[in-house]
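**Student:** If you scroll down you'll find the structure; I have some questions about it.
Nothing in this text is a laboratory measurement; each read-out follows from the coordinates by a stated rule. Since this is a predicted model, take the numbers as computed values, not measurements. Cβ atoms come from the backbone with ideal geometry, glycine included; neighbour counts cover every protein chain shown.
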Ligand code: NAP
């Protein structure tokens, strides 16, 4: 039996687990951080919660006789990705990073790339007054203190303080449509958008809407992935890698 650990929390991780489900000789465990109250669950076996850093993950890998790990976490889940690289390196288990490509600005886009959430927050005063903030509920403390700005923050679960003083929270989970995003931005008189470079299709509609409305978009760059680890961008490439590495996953 080939034991595969898929570090998840993304659409790609769910699609990978679905593609591997039921394959003879293959056992897949998907891992979630356990932060979202009502997560979209992958098919098959699921475990939830942190491992306790690289040492905890290494122990878990050994205890569960994991043969290969696919890190299909979100591009901004940097700690988990570093932890996976360290733990698999020490355990001598192959690791693949499955990370969807980032977004690219097109004609008509007014994107301002920033290296971090903190830099994004610093860049907002002067750019506009009504912010559509889509960087996740745990990013709100970074924007607290920008009292001259009004924020519409969209997240899956409610944020906790500290948060910007002038804040409206919209609880919602993608995918979103361009028409819906246009209506939301117009209704709230949004004049700038803040996003991470998450990539993928589930949440791109806001970028098309911002382009159509001529709004500036502050885009937070992705953290770098660890060196020396094989990286692919699609589920199909991940399946091919698994087949090549294990000889049995196909
Ligand atoms: P993070 O900062 O890299 O992770 C913090 C800690 O949470 C990790 O050190 C690990 O704890 C635990 N953890 C993270 N992902 C895990 C997983 N798949 N299984 C088990 N433990 C996990 O990650 P994050 O940004 O908080 O993201 C948490 C989860 O949400 C990830 O699974 C990610 O795919 C998903 N997600 C994140 C974003 C985002 O914008 N960051 C967006 C959508 C979905 P230990 O050190 O104790 O092992």
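**Student:** With no solvent and one equal point scatterer placed on each C-alpha of region 1-87, evaluate the Debye formula and give log10 I(q)/I(0) for q = 0.15, 0.16 Å⁻¹, two decimals.
**Tutor:** -0.50, -0.57
**Student:** Return the Cα extents of region 64-109 along principal axes one, two and three, sorted largest first, each rounded to a whole Å.
**Tutor:** Answer, in whole Å and largest first: 51, 17, 14 Å.
**Student:** Helix 235-246 against the longest principal axis of the chain: what's the angle in degrees, Cα atoms only, rounded to the nearest 10?
**Tutor:** It works out to around 20 degrees.
**Student:** Just the number: Rg to Rh for the chain, Cα atoms, Kirkwood Rh, two decimals.
**Tutor:** On the way: Rg = 19.5 Å, Rh = 19.4 Å.
Result: Rg/Rh = 1.01.
**Student:** Compute the angle between helix 178-187 and the longest alpha-carbon principal axis of the chain, please, reported from 0 to 90 degrees and rounded to the nearest 10.
**Tutor:** On a 0 to 90 degree scale, this one is about 40.
**Student:** Which order results if 202, 192, 1 are arranged by neighbouring Cβ count within 10 Å, fewest first?
**Tutor:** On the way: 202 14, 192 22, 1 9.
Going from least to most buried by this count: 1, 202, 192.
**Student:** Moving on. List the relative contact order of region 123-196 as a percent without decimals, with contacts defined as Cα pairs under 8 Å and 6+ residues apart.
**Tutor:** Computed over region 123-196, the figure is 40 percent.
**Student:** Now for a separate question. For region 224-249 and region 187-217, what is the separation of their Cα centres, given in Å?
**Tutor:** Cα centres, region 224-249 to region 187-217: 31 Å.
**Student:** Do you know the relative contact order of the chain, to the nearest whole percent, from alpha carbon pairs under 8 angstrom that are 6+ apart? Can you show the working numbers first?
**Tutor:** On the way: 481 pairs, mean separation 52.0, N = 250.
Here the relative contact order equals 21 percent.
**Student:** While we're here: Using only the alpha-carbon atoms, how far is helix 11-20 inclined from the longest principal axis of the chain? Give it as 0 to 90 degrees, nearest 10.
**Tutor:** Orientation of helix 11-20: about 20 degrees from the principal axis.
**Student:** Taking neighbour Cβ counts within 10 Å as the exposure measure, how do 64, 27 sort from fewest upward? Don't skip to the end; give the middle numbers.
**Tutor:** Numbers: 64 13, 27 17.
Exposure proxy ranking, most exposed first: 64, 27.
**Student:** Using a 7 Å offset from the Cα along the Cα-to-Cβ direction at both residue 183 and residue 234, what is the distance between the two label points in nm, to one decimal?
**Tutor:** With each label point 7 Å from Cα toward Cβ, the separation is 3.3 nm.
**Student:** Once the principal axes of the Cα atoms of region 110-220 are found, what is the range along each, listed largest first in whole angstroms?
**Tutor:** Principal axes ranked by extent give 31, 28, 26 Å for the Cα atoms.
**Student:** For a quick check: sort 198, 31 by the number of other beta carbons within 10 angstrom, fewest at the front.
**Tutor:** Numbers: 198 22, 31 27.
Final ranking by Cβ density, sparse to dense: 198, 31.
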